[in-house]
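Novice: First, the structure itself, so that you have it in front of you.
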Amino acid sequence: MPVLRGISLDIRAGEMVSIVGPSGSGKSTLLYCLSGLEPYDSGSVQLAGRELRTLSRGSLAALRRKHVGFVFQSFNLVPSLSARENIALSARLARRPVHAADIDRALTDVGLADRGRHRPGQLSGGQQQRVAIARVLAMRPDIVFADEPTGSLDTATGADVLRLLRAAAGGGRSVIVVTHDLEAAALADRVLVLRDGLIHNELHQATPEQVLEAITHAKADA
Ligand SMILES: Nc1ncnc2c1ncn2[C@@H]1O[C@H](COP(=O)(O)OP(=O)(O)OP(=O)(O)O)[C@@H](O)[C@H]1O
Ligand SMILES: [Mg+2]
């Protein structure tokens, strides 16, 4: 049985969209398919005007490097490298040279101007996730995907991280976040409620209470 079914979705430039729904409803799968991290058997995903399925592995990688940033729950920083080096390495792998000033700006934007020389092990979870976000923003992606970016953080730290992602949206850059956090979800312009691989509901400018109600409703209908 397909994991995702009948999903039709347009992400507009500059908007923030959050995806919520029960465990196993397909949130991560949707994010991975949209971002080109996971191939799909049928359907169509267009990113920056290109149909992902038609691209060779190399062209897909190039398209992702140019347009896409991804933030993971587990930060995915290289433990032996400093925050600065993590950002520089990522840029080098993306063949997007960043100058020292770009790294400074990215670190300043996430409130870590004085932590550039620290290794991940010397930083709190929230600081590590902010480095991961700085690493993505330094590449100036058109679209940022985040799969439960606050899942490993306490509520207050998670709220800071989500505010950074909220601030990253706009000016043509879109942000798509999968989250179980109602307050976080409600920061988005649009909330998609997934259930059994379908978009069960879509909310606009929702309050946390409305998000909770929609999720409860999705579970009750299961
Ligand atoms: N690579 C895969 N091959 C086959 N089935 C998969 C694969 N990845 C996920 N699934 C299945 O697809 C469904 C959706 O999984 P997915 O990880 O997208 O859910 P999720 O909404 O992100 O859940 P959670 O909130 O627990 O992270 C699940 O039933 C899962 O078992
Ligand atoms: Mg998931």
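Novice: Taking the range 33-70 as the region of interest, how many residues are surrounded by 13 or more Cβ atoms within 10 Å (Cβ to Cβ), touching a residue at least 40 places away in the same chain (Cβ under 8 Å) and either aromatic (Phe, Trp, Tyr) or within 16 Å of ligand 1 (Cβ to nearest atom) (or both)?
Specialist: Counting residues in the range 33-70 that are surrounded by 13 or more Cβ atoms within 10 Å (Cβ to Cβ), touching a residue at least 40 places away in the same chain (Cβ under 8 Å) and either aromatic (Phe, Trp, Tyr) or within 16 Å of ligand 1 (Cβ to nearest atom) (or both) gives 3.
Novice: Please go through the range 135-190 and give me each residue that is hydroxyl-bearing (Ser, Thr, Tyr) and within 16 Å of ligand 1 (Cβ to nearest atom), ordered by number. Show your work before the answer.
Specialist: Going through the range 135-190, the residues hydroxyl-bearing (Ser, Thr, Tyr) turn out to be 150, 152, 155, 157, 174, 179.
Answer for the range 135-190, where residues must be hydroxyl-bearing (Ser, Thr, Tyr) and within 16 Å of ligand 1 (Cβ to nearest atom): Thr150, Ser152, Thr179.
Novice: Regarding Ala167, is this residue over 20 Å from Ala88 (Cα atoms), assigned to a loop (DSSP other than H, G, I, E, B) and out of contact with any His (no Cβ under 8 Å at 6 or more places or on another chain)? If you could, list the steps in order and put the result at the bottom.
Specialist: On the way: over 20 Å from Ala88 (Cα atoms): yes; assigned to a loop (DSSP other than H, G, I, E, B): no; out of contact with any His (no Cβ under 8 Å at 6 or more places or on another chain): yes.
When the stated conditions are applied, Ala167 does not pass them.
Novice: Taking the criterion of being more than 16 Å from ligand 1 (Cβ to nearest atom) and assigned to a loop (DSSP other than H, G, I, E, B), would at least one residue in the range 16-26 satisfy it? Spell out the reasoning first.
Specialist: Initial filter on the range 16-26 (more than 16 Å from ligand 1 (Cβ to nearest atom)): 16.
Cutting the leftovers down to assigned to a loop (DSSP other than H, G, I, E, B) gives us none.
The answer is no, given that none of the residues of the range 16-26 is more than 16 Å from ligand 1 (Cβ to nearest atom) and assigned to a loop (DSSP other than H, G, I, E, B).
Novice: Need the failing condition index for Glu85 against (1) surrounded by 15 or more Cβ atoms within 10 Å (Cβ to Cβ); (2) of a type outside the set (Gly, Ala, Ser); (3) not in a helix (DSSP H, G or I), just the number.
Specialist: (3)
Novice: Exactly one condition in (1) among the polar types (S, T, N, Q); (2) assigned to a loop (DSSP other than H, G, I, E, B); (3) closer than 25 Å to Ala134 by Cβ is false for Ser42; which is it?
Specialist: (3)
Coordinate-derived values only; no laboratory data. Keep in mind that this is a model prediction, so the values were computed, not measured. Here the Cβ is made from the backbone with ideal geometry for all residues, glycine too, and neighbour counts use every protein chain on show.
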